[in-house]
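The values are calculated or read from the model by the stated rules, or taken from the named source; none is laboratory data. All of these numbers come straight from a predicted model, not from anything done at the bench. Cβ placement follows ideal geometry from the backbone for every residue including glycine, while neighbour counts extend to all protein chains displayed. The protein model used for the area step is the full one, side chains on, heavy atoms only, and it has no ligands, DNA or RNA in it. Shrake-Rupley method; radii C 1.70, N 1.55, O 1.52, S 1.80 Å.
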Amino acid sequence: VIFEDDAITAIKDCNNTMIEELSDMSTDFLYLGWCEGRLARPVPLCSHSYAVTRRGARKLAKYFEPCGMAIDEQFVKFAKNNWISYRTVHPFSYNNNYKDGFPEPGVKNYGIFHQNKYMLGSLLGH
């Protein structure tokens, strides 16, 4: 499980939800939280929280370009080329389970963890 420093828990029952999601992990890559980008669709964008299997980590290491695009854009490329399999957390894991104040109005964050880029992260739109 990987978190960026600006990932925040957006749901009430995080522990049980994470156990449920990770025990149902049948893909290389699991988006625990994500945002949307027009050019990325249908693949999610943002890499503030995700889980990766050992097999998935090997694939990421094989295809990753250290001096290439931003890492979340590389994940999109890997998925669109079918180099990794992915899914997002199940909607029942976060819908009707949000803490007060989530989802934030006008912010396109989804999932168990949201990106708190306004308080902690980039001002560059990443």
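Figures for the structure shown
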{"item": "Amide H partners (placed H, <5 Å) of Ala7, local residues excluded", "result": "Asn116"}
{"item": "Carbon + sulfur, % of accessible area of the range 2-126 - ligands and nucleic acids excluded, 1.4 Å", "result": "54"}
{"item": "Mean projected area (nm²) of the alpha-carbon convex hull when the chain is viewed from all directions", "result": "7.8"}
{"item": "For the range 108-114, 3J(HN,Hα) per residue [Karplus equation, 6.51 cos²θ - 1.76 cosθ + 1.60, θ = phi - 60°, Hz, x = Gly/Pro]", "result": "8, 9, 9, x, 6, 10, 10"}
{"item": "Residue-normalised accessible area of the chain, given per residue in Å² at a 1.4 Å probe", "result": "59"}
{"item": "Proximal lysines relative to Lys62, as straight alpha-carbon distance under 30 Å, when same-chain residues fewer than 8 apart are discounted", "result": "Lys77, Lys80, Lys117"}
{"item": "Equivalent ellipsoid semi-axes, the range 1-74, via Cα gyration tensor eigenvalues times 5, rooted, Å", "result": "22, 16, 11"}
{"item": "Reachable aspartates and glutamates, given that their alpha-carbon falls under 14 Å from the alpha-carbon of Lys59 and they are not under 8 places away in the same chain", "result": "Asp28"}
{"item": "Residues whose placed amide H lies under 5 Å from that of Ile84, excluding near-sequence neighbours", "result": "Ala79"}
{"item": "Integer Hz, Karplus 6.51/-1.76/1.60 couplings in order for the range 14-21, x for Gly and Pro", "result": "5, 4, 5, 5, 5, 4, 5, 5"}
{"item": "Segments 86-99, 55-68 sorted - mean Cβ within 10 Å per residue, highest first", "result": "86-99, 55-68"}
{"item": "Cut-off under 5 Å, modelled amide H: who pairs with Cys46 long-range", "result": "Cys35"}
{"item": "Glu104 paired with Asp5, simple spin-label distance in nm, labels 7 Å along Cα-to-beta-carbon", "result": "1.7"}
{"item": "Accessible-area order (highest first, 1.4 angstrom probe) of the listed residues Ile2, Ile19", "result": "Ile19, Ile2"}
